[in-house]
Amino acid sequence: MMERSVVVATEVLAARAGMTPDDPEPQIAARALLGLWRVQADSLRKHLEQAPTSARLHELVTADVRRAAQLIDAGLRTFAAPVPLASR
């Protein structure tokens with residue numbers, strides 16, 4: 001199921017950037033973005049026993065996902081800007 005999600009995300013990102021799904025940029029962008037689910041799941045396992053409340057668990061997991069997303073964001077800023085629909 002994850003591979004199918006990557007394929008769909010790659011197609012959407014490629015279309016927005018005026019590229020093809022075969023281009024490496026939309027492929028890696030899709031994998032990186034969908035990788036945040038794994039970061040969330042790993043963080044949940046890591047903090048589940050330690051967090052005294054569900055609110056604190058949410059804070060810890062959110063902080064981990066945001067840290068990972070910030071790293072991805074730095075790279076995605078160089079990715080092509082969306083192409084207007086009229087230009088496609």
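The values are calculated or read from the model by the stated rules, or taken from the named source; none is laboratory data. The structure displayed is predicted, hence computed values, not measured ones. Positions of Cβ are generated from backbone atoms using ideal geometry, with glycine treated the same way; all protein chains shown enter the neighbour counts. What goes into the accessible areas is simple: the full protein's heavy atoms, side chains included, and nothing from ligands, DNA or RNA. Shrake-Rupley method; radii C 1.70, N 1.55, O 1.52, S 1.80 Å.
When the Karplus curve 6.51 cos²θ - 1.76 cosθ + 1.60 is applied with θ = phi - 60°, which whole-Hz ³J(HN,Hα) does each residue of the stretch 53-63 get, with x for Gly and Pro?
Going residue by residue, I get 9, 5, 5, 5, 4, 4, 4, 5, 5, 4, 4 Hz, with x marking Gly and Pro.
Report, in deg cm²/dmol and to the nearest 500, the calculated mean residue ellipticity at 222 nm for the chain, where each DSSP H run with n ≥ 4 adds -39500 (n - 2.57) and the sum is divided by the residue count.
It lands at -25000 deg cm²/dmol.
When ligands, DNA and RNA are left out and all protein chains stay put, how many square angstrom of accessible area per residue does the chain have with a 1.4 Å probe?
I get 73 Å² per residue for this part.
Could you go through the stretch 14-20 in sequence order and give the Karplus-derived ³J(HN,Hα) for each residue, using 6.51 cos²θ - 1.76 cosθ + 1.60 with θ = phi - 60°, rounded to whole Hz, and x for Gly and Pro?
Each residue's phi maps through the Karplus curve to give 5, 4, 5, 8, x, 10, 9 Hz.
Pairs of alpha-carbon atoms within less than 8 angstrom and 6+ residues apart define the contacts here; what relative contact order does the chain have, in percent?
34
Long-range amide H contacts for Gly18: which residues qualify at under 5 Å (H placed 1.01 Å from N, peptide plane, sequence gap of 5 or more or a different chain)?
Val83
Which percent of the accessible area of the chain is formed by carbon and sulfur heavy atoms (probe 1.4 angstrom)?
Carbon and sulfur atoms account for 60 percent of the accessible area of the chain.
Below 11 angstrom from the Cβ of Met2, what's the summed charge of the other residues (Lys, Arg +1; Asp, Glu -1)?
Net local charge, Met2 excluded: +2.
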